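A short write-up of the structure that comes next.
The values are calculated or read from the model by the stated rules, or taken from the named source; none is laboratory data. Just so it is clear, the model here is predicted, and its values are computed rather than measured. Ideal geometry is used to build each Cβ from the backbone, glycine not excepted, and the neighbour counts take in all protein chains shown.
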């Protein structure tokens, strides 16, 4: 496949004329070919118009057709072959094995949602039969199903150029829900985006779906992204990125004549709480495991362990010794973009020069755009009085908060903002202390995990990749796993509707054989 | 029970010192005893503090205990006896039979949510077992349940002093979800509110729950209501009322340091579409049925039929004849408050003097605070060019839009804002035309109904009392029926957590016998 740098608008290619976007070789900062033309507001309008036109047809595709479409996208992505992996490695600086793994994850997500669509629970079918002889008034017949909220805008993420981008989790779950999707590509990986965008566009054609089911736009500034969220035909937004970016989109969405939901996954430092017995029994080993999690993928995960909480003592010193030793040996890694590298260096410099923060260890020095891991420590009292110490430093930097006792640890937890994950390291004697903290922790994060780290987000049915604000804009949802489809659905009730007017799934005799709740009871 | 005019804050009574609120005799406008003291910001703070304190205990009550609490509230409301009905009739001007019916509905809602709690599907339990030997990486164990979002603010509604107020649907669903509730009473029925508030407070004590599980505040202005939405301990808001009120709360919630969801049910004119064959076969009868629905309860329903759409012709004239005749005979009814009566009269006057609107019929003239029904007509072209004709006139006023043909009817539908309900009147020969419109209608309303009117909102499992903005602030939800509980829940995932730390519902062997989805499969 030859990259053209074109916008993909409802199945047609068009050169964007509003400035240009260039992929950069993440390792060198050199500009890559080709130049990608930025979309104009007319291009945006066209993509939204086509999405709205496609909506009625697309959302009524049979479940089997929709599932096949998702599987076709998955296969078309695999069919790109090595070109996709190579371009993605070049643009992102991520190691080849990681990119291959991420491709597997992306394909796996699409297939998971195909199975979710076929299974049909997402339709939330309910029937309350009529009771004509009820007193004092007869009961009407009510039938309910979920329908798509409408066309969805998806913003590609810098740190998962495949799994959270053009055909990533947001796109897969929105398409599964019956929503056409307009993607704003992340400028950090335009080539990867075009390749995947072509795979989706081809799947739309392969499956005979309306052209507007999918469009891909490049944005040379911010106007197209902002305009996308403001467009009246867009009914929900999926975003993974910075808090600044996410809250800006939330504001635009809230101020529309018709406000719409924004699902922004934004900012999390993923506290790791080390308990006494675990530290005492295996502090050093936990420290080494932590360093491995921290430095994986240059620390560029939303779930990267950016904060360590523990009560002072020998155990914590062992942890620090283990973590520091492992960190010092950790090679620097190329970061996703020169811009992200610069922000990371600034974040580390800020901590380094912070009066209440001590630098404990640094990773190996690397090449020009490589991130050098860093481990810091502060006292709980200082952490509590310096709000800026809770800010995410995107990359392999982490801060240990030394607490005097469990009461101080609890105060630090109370002061935490919403998180994607909180990890607990515990041994049997720690269970009582951990249990006492759980009610607090449950309100602070979307996922609580034991004796591990938040990196590694399993794509399944019981995953929550979400959490209270500012981890996400909407803690009632998840952006990973099968529950993510719920973000793009709304219920509609049909009262006393003749059989031939009812959606097929709701007709008498359950002709599609889907899960239906009758008078509140399943089965 | 003697009304005291006190605030009920976490089980204690306190006289509000911030101005006073008086119930009015809806029929005469006379002030009723006693005066109710308005809450101060300190009272508000206290109610929120107690709610936050109660939260950890309340949300972990057993399902049986929580269900019994809801049932105890229901019983305590019934135990108030006739005093509640009489006070409610006095304050609302609603007929006694309606108030008794509404009490039954309120009690029924509480009992419905008790059954929803016992059944346990709302917990959304999911388990993805570990796969230790999965390649290339082992699969972790994930377990998921829904937890309450936190304490909820509920705003009493003027038009359902029982079913959408202190212990109405919002309160019942929030308590069912595990959320403590702080209610801001509607100033139109403070006595009714106190009586019901005492019934809830007593249930909290009867059931040995933490005192902060429930508080009731009176607000002599707007500061307490606004402060409630802004309070950091409040995590969601339930509101039924005007568009102005709802959007003001949405704005406060969106601008908080931690934005929270507002579930505001605001504004709907509930279009009724009359199809050709139905009109031709039984236009007059539909007209009479429409007039009955329009004038029921002085038209003070969110689902009142405020807009009639039809293609011109003899059938529509028959409808108009039937409706006009019935309307002219319709007695005026006392409206909920002198303020609502005044707004209604202004709305009717605006339509009466509108250059593009013709008045077709009026109901009987009534007493001072009684609403006189009114029926208007306009042409589709005028409706399309005058946006103000879509504004809700709260009361028994309705507007017929005469369309030249089906194409013009379709354009009118395209121009409609989001609605709670859309009704279709059809006979067999109309099915094809109706079917062609359904995809549009489904996107405009939460409930589509055939050969009836939206008034009469069944409390069941398949009900959607919701709809796209501005019918509600969040079209993904319903405020009536068992699905309403979903508004106050968020999912939490537990990864590799030892059995003794897991919530009981998620432990091995399903000890509570609740519905669990294992690897995505139910049962």
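Okay, residues lined up against (1) within 14 Å of chain B (Cβ to nearest Cβ); (2) surrounded by fewer than 24 Cβ atoms within 10 Å (Cβ to Cβ):
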position	(1), (2)
A:259	yes, yes
A:266	yes, no
A:270	yes, no
A:274	no, no
A:279	no, no
A:282	no, yes
A:285	no, yes
A:289	yes, yes
A:292	yes, yes
Given (1) at the interface with chain A (Cβ under 8 Å from one of its Cβ atoms); (2) surrounded by fewer than 24 Cβ atoms within 10 Å (Cβ to Cβ); (3) farther than 18 Å from residue A:150 by Cβ, number of the condition residue B:470 does not satisfy: (3)
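Report whether or not residue A:483 is within 7 Å of another protein chain (Cβ to nearest Cβ), crowded, with 24+ Cβ neighbours inside 10 Å and within 17 Å of residue A:172 (Cβ to Cβ).
Numbers: within 7 Å of another protein chain (Cβ to nearest Cβ): yes; crowded, with 24+ Cβ neighbours inside 10 Å: yes; within 17 Å of residue A:172 (Cβ to Cβ): yes.
In short, yes.
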Residues that are crowded, with 17+ Cβ neighbours inside 10 Å and facing chain A (nearest Cβ under 9 Å), drawn from the stretch B:499-514: B:501, B:503
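Is it true that residue B:196 is part of a helix (DSSP H, G or I), surrounded by 24 or more Cβ atoms within 10 Å (Cβ to Cβ) and in contact with a helix residue (DSSP H, G or I) (Cβ under 9 Å, 6 or more places away or on another chain)?
Considered against the rule, which asks whether it is part of a helix (DSSP H, G or I), surrounded by 24 or more Cβ atoms within 10 Å (Cβ to Cβ) and in contact with a helix residue (DSSP H, G or I) (Cβ under 9 Å, 6 or more places away or on another chain), residue B:196 comes out as yes.
Any idea which of B:518, B:478 is over 30 Å from residue B:381 (Cβ atoms) and without any contact (Cβ under 8 Å) to a residue 40 or more places away in the chain?
Values: B:518 fails: without any contact (Cβ under 8 Å) to a residue 40 or more places away in the chain.
That would be B:478, the only listed residue that is over 30 Å from residue B:381 (Cβ atoms) and without any contact (Cβ under 8 Å) to a residue 40 or more places away in the chain.
Looking at the structure I just gave you, is residue B:408 surrounded by 17 or more Cβ atoms within 10 Å (Cβ to Cβ), more than 7 Å from chain A (Cβ to nearest Cβ) and in a loop (DSSP other than H, G, I, E, B)? Give the steps one after another, and end with the answer.
On the way: surrounded by 17 or more Cβ atoms within 10 Å (Cβ to Cβ): yes; more than 7 Å from chain A (Cβ to nearest Cβ): yes; in a loop (DSSP other than H, G, I, E, B): no.
No: the conditions fail for residue B:408.
Which count do you get for residues in the stretch B:202-223 that are assigned to a helix (DSSP H, G or I) and surrounded by 24 or more Cβ atoms within 10 Å (Cβ to Cβ)?
To start, the set of residues in the stretch B:202-223 that are assigned to a helix (DSSP H, G or I) comprises B:202-206, B:211-213, B:223.
Still in the list and also surrounded by 24 or more Cβ atoms within 10 Å (Cβ to Cβ): B:203-204, B:212-213.
Result for the stretch B:202-223: 4.
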Candidates A:347, A:366, A:371, filtered to the one that is modelled with pLDDT of 95 or more and over 22 Å from residue A:418 (Cα atoms): A:371
Some residue of the stretch A:249-264 being within 30 Å of residue A:426 (Cα to Cα), assigned to a strand (DSSP E or B) and touching a residue at least 40 places away in the same chain (Cβ under 8 Å): no
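Taking only the stretch B:353-363 into account, find how many residues are touching a strand residue (DSSP E or B) at 6+ places or on another chain (Cβ under 9 Å) and in a loop (DSSP other than H, G, I, E, B). Walk me through how you get there before you give the answer.
Within the stretch B:353-363, the first condition is being touching a strand residue (DSSP E or B) at 6+ places or on another chain (Cβ under 9 Å), and the residues that meet it are B:354, B:356-363.
Right, trim to in a loop (DSSP other than H, G, I, E, B) and you get B:354, B:356-357, B:363.
Residues flagged as touching a strand residue (DSSP E or B) at 6+ places or on another chain (Cβ under 9 Å) and in a loop (DSSP other than H, G, I, E, B) within the stretch B:353-363 amount to 4.
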Cβ-Cβ under 9 Å pairs, at least 6 apart or on other chains, the stretch B:43-57 side assigned by TED's automatic domain parsing to the domain that holds residue B:184, far side crowded, with 24+ Cβ neighbours inside 10 Å and modelled with pLDDT under 95: none
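Which is under 27 Å from residue B:317 (Cα atoms), facing chain A (nearest Cβ under 8 Å), touching a helix residue (DSSP H, G or I) at 6+ places or on another chain (Cβ under 7 Å) and without any contact (Cβ under 8 Å) to a residue 60 or more places away in the chain, of B:438, B:449?
Details: B:449 fails: touching a helix residue (DSSP H, G or I) at 6+ places or on another chain (Cβ under 7 Å).
Step by step, each of B:438, B:449 is checked, and only B:438 is under 27 Å from residue B:317 (Cα atoms), facing chain A (nearest Cβ under 8 Å), touching a helix residue (DSSP H, G or I) at 6+ places or on another chain (Cβ under 7 Å) and without any contact (Cβ under 8 Å) to a residue 60 or more places away in the chain.
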Residue within the stretch A:414-422 that is more than 26 Å from residue A:246 (Cβ to Cβ), in contact with a strand residue (DSSP E or B) (Cβ under 8 Å, 6 or more places away or on another chain), buried (at least 18 other Cβ atoms within 10 Å of the Cβ) and more than 9 Å from chain B (Cβ to nearest Cβ) present: no
Test: residue in the stretch B:370-381 that is within 29 Å of the chain's Cα centre (by Cα) and part of a loop (DSSP other than H, G, I, E, B): yes
Selection count, the stretch A:300-331, where residues are in contact with a helix residue (DSSP H, G or I) (Cβ under 8 Å, 6 or more places away or on another chain) and in a helix (DSSP H, G or I): 14
Failed condition for residue A:19, given (1) out of contact with any helix residue (DSSP H, G or I) (no Cβ under 9 Å at 6 or more places or on another chain); (2) loosely packed, with under 15 Cβ neighbours inside 10 Å; (3) more than 14 Å from residue A:188 (Cα to Cα): (2)
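Only one of A:475, A:460, A:456 is assigned to a loop (DSSP other than H, G, I, E, B) and modelled with pLDDT under 95; which? Show your work before the answer.
Working: A:475 fails: modelled with pLDDT under 95; A:460 fails: modelled with pLDDT under 95.
That would be A:456, the only listed residue that is assigned to a loop (DSSP other than H, G, I, E, B) and modelled with pLDDT under 95.
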So residue B:487, is it assigned to a helix (DSSP H, G or I) and under 28 Å from the mean Cα position of the chain (by Cα): yes
Enumeration of residues in the stretch A:452-466 that are facing chain B (nearest Cβ under 8 Å), over 13 Å from residue B:491 (Cα atoms) and surrounded by 17 or more Cβ atoms within 10 Å (Cβ to Cβ): A:452, A:458, A:460
